[in-house]
Each structure stands twice: as structure tokens, then as C-alpha cells.
Amino acid sequence: EADRIYSETQSRFETALTRGRCGLWDWDLARGRMFWSRSMFELVGLEPRDTLLGYGDVSRLIHPDDGDLMALVESLFASDETTVDRMFRMRHEQGGYIWLRIRCELVDASTAAPHLIGIAVDVTEQMRLVERSKTADIRLRDAIETISEAFVLWDADNRLVMCNSKYQELHGI
């Protein structure tokens, strides 16, 4: 009965993580091994497995421009901080990268077996929306700048939102 209850609870837990596009992980810093939930493997397109991952296995998945996990841990110990909230890209098995936001906590930092335990959330869609918004903003600014007359846009509270250089020249701004 206990095994059945545990299995059902574990299944519900994994379902919730999967639906939330989240993954759980536990990094044993002393041994350099990481536990990933099934949903974490699924986030990066890997086949879930019960074995622990080595530090090298995980660090190879992180985008080279987004830093190093070991440097992150060293900065935690150097600053006496215990929590991390950071975004980085991780290579997906099907190619390309996904954006992950990790939130974790350093546990048992003063012992011989410290762990970094946390959750990773797939924020790829949010990052794409940010990029699209930036692109749309650049296009709008370019379009306003090409208007041959002075152009200004005010908000409902009569605050300047944007204007072109012709308006700035006309009013000495």
C-alpha cells in the first residue's frame, strides 16, 4: 500500500513539473553528481534515466556565453550567499537552445556534503516575446524617425512617450 501511494504521489509530482515546464535538480557538490527529475530530462529533450549525471555532462549543455556552473558555485561560497536566481541557455537534444531560469538554494554549505537544490523553469517563450518586442520597438522608432515632419507621442498623463529628431530640433531638446 505504501509503495502504491508513493508511486501515485511521484507520478502526480512529475505531472505537475511537466505541465509547468519545470525540472527539479539536486547537485551533490562534493561528488560532482546531479540528480534530475524526469521532467528536467524532458525539458532538454533527453531520455529520462535514473542514473546521476556528472558535472561535465551538464556543463556541456550550457551555452558557452552564459557562464560556468562551477564559477556560480564558487561565487556562492565566496559571497556567503545561499540562493541563486539566474537565467541561462541549455542545449536541447533536437538542436538549438532553450532558456532556463534556475532558482536554487545551497543546502548543508558548512558540511562535507553541500548540495545545490532547486528548480529550473523553461522561459524560452518569454525570452522570444522579449526579443519580438525589442524588434517591434526598433521598427516603430525607425518608422517615426523617417517621418518628414516633427512627430511626438504623449501618454494619457501628458508625458512625452517618444518623438523624432525633427521634433527635438524644433524644440531644442
- Would you mind telling me which numbered condition in (1) open to solvent by 70 Å² or more (accessible area, probe 1.4 Å); (2) within 17 Å of the chain's Cα centre (by Cα) Ala2 fails? (2)
- Query: Can you tell me which residues in the stretch 109-128 are modelled with pLDDT under 90 and either part of a strand (DSSP E or B) or small (Gly, Ala, Ser) (or both)?
  - Reply: Ala109, Ser110, Ala112, Ala113
- Query: What number of residues within the stretch 147-173 satisfy the criterion of being β-branched (Val, Ile, Thr) and free of Cβ contacts under 8 Å to residues at least 12 places away in the same chain?
  - Reply: 2
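Please report, ordered by residue number, the helices (runs of 4 or more DSSP H) entirely within the stretch 11-107 with at least 3 residues that are under 28 Å from Leu129 (Cβ atoms) and open to solvent by 60 Å² or more (accessible area, probe 1.4 Å). Outline the logic, then answer.
Details: elements: 38-43, 55-59, 69-79.
Qualifying helices (runs of 4 or more DSSP H): none found.
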- Is at least one residue of the stretch 145-167 in contact with an Asp or Glu (Cβ under 8 Å, 6 or more places away or on another chain), open to solvent by 60 Å² or more (accessible area, probe 1.4 Å) and farther than 30 Å from Ser59 by Cβ? yes
- Answer yes if at least one residue in the stretch 129-141 is modelled with pLDDT under 90 and acidic (Asp, Glu), and no otherwise. yes
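The values are calculated or read from the model by the stated rules, or taken from the named source; none is laboratory data. Because the structure is a prediction, the values reported are computed rather than measured. Cβ: placed from backbone, ideal geometry, glycine included. Neighbour counts: every protein chain shown. Just so you know, the surface numbers come from the protein's heavy atoms only, side chains and all, with ligands and any DNA or RNA stripped out. Shrake-Rupley method; radii C 1.70, N 1.55, O 1.52, S 1.80 Å.
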